[in-house]
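The values are calculated or read from the model by the stated rules, or taken from the named source; none is laboratory data. In this text the structure is predicted, and so the values were computed from the model without any measurement. Cβ sites come from the backbone with ideal geometry, for glycine too, and all protein chains shown count toward neighbours. Quick note on the areas: whole protein, heavy atoms, side chains included, nothing else; ligands and nucleic acids left out. Shrake-Rupley method; radii C 1.70, N 1.55, O 1.52, S 1.80 Å.
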Amino acid sequence: MFIYTVDDQLSLKLIGHEDAEELFQLSDQSRDHLRTWLPWIDFTKTVEDTQGFIKSSLKRYAENNGWTVCILWEGRIAGIVDFHELDYNNKRTSIGYWMGEEFKGRGLLTRACRELFDYAFHTLGMNRIEIRAAEQNVKSRAVPERLGFVQEGLIRSAALLYDEYTDHVVYGMLKKDWVKEPLDV
């Protein structure tokens, strides 16, 4: 499988079937941390559930309609960045992401996203990237804020999370405004 090296500790790879066990273990060990904002964790109870996620991710990739990347820290899966639908007609996409609890606070997600956004703008020809995060999810919101995304608005009651509606903050970046500058994370 192709691996893109960001630096001597951080790399990115397209998710593959071989990642199922390690990815499941990471999500399982981070269950309480992830559950706060990601309800899918309650439906990820076995390696087979993770295999199903990988299968659907690879299907989207094969259809040229999105892709999922594993963030590797010193060769271990630390988290995921998921490009949702790639809208080539309008040259836009949106992303989601998560990190394993033990890998938080190292700037890995911001560094990975920076590389992936540069790729989306300059190789895939995207004009717009959108990120939505729960208003109270300060850690998730920090990624687009560090990378210079514009906070474009608030979607009220955007998601039902454990019987409570949560508002989402919408961030956007346009290709003309994208500057890949060195990070201080």
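Details
- Value of relative contact order over the chain, rounded to a whole percent, pairs C-alpha under 8 Å and six or more apart: 17
- A 1.4 Å probe, protein heavy atoms only, puts the accessible area of Asp87 near 20 Å².
- Mean Cα-pair separation over length for region 87-185, i.e. relative contact order, pairs under 8 Å, 6 or more apart, %: 29
- Separation of the Val47 and Asp118 label points, Cα + 7 Å toward Cβ, nm: 3.6
- For region 3-177: accessible area per residue (Å², 1.4 Å): 52
- A straight Cα-to-Cα reach below 19 Å connects Lys45 with the lysines Lys55, residues fewer than 8 places away in its own chain not being considered.
- Across the protein chains, with a 1.4 Å probe defining accessible surface, the residues Phe43, Phe53, Phe117 rank Phe43, Phe53, Phe117 from largest area downward.
- Over 24 Å apart at the Cα level, from the set Lys13/Lys180; Lys91/Lys180; Lys13/Lys59; Lys59/Lys139; Lys59/Lys104; Lys13/Lys176, are Lys59/Lys139; Lys59/Lys104; Lys13/Lys176.
- For region 3-177, the share of alpha carbon pairs falling in successive 5 Å distance bins from zero is 1, 8, 17, 21, 22, 19, 10, 3, 0 percent.
- Expressed as a whole percent, the accessible surface of region 77-185 that belongs to carbon and sulfur atoms is 42, based on a 1.4 Å probe.
- Heavy-atom accessible area ranking, 1.4 Å probe, most first, across Tyr165, Tyr61: Tyr165, Tyr61
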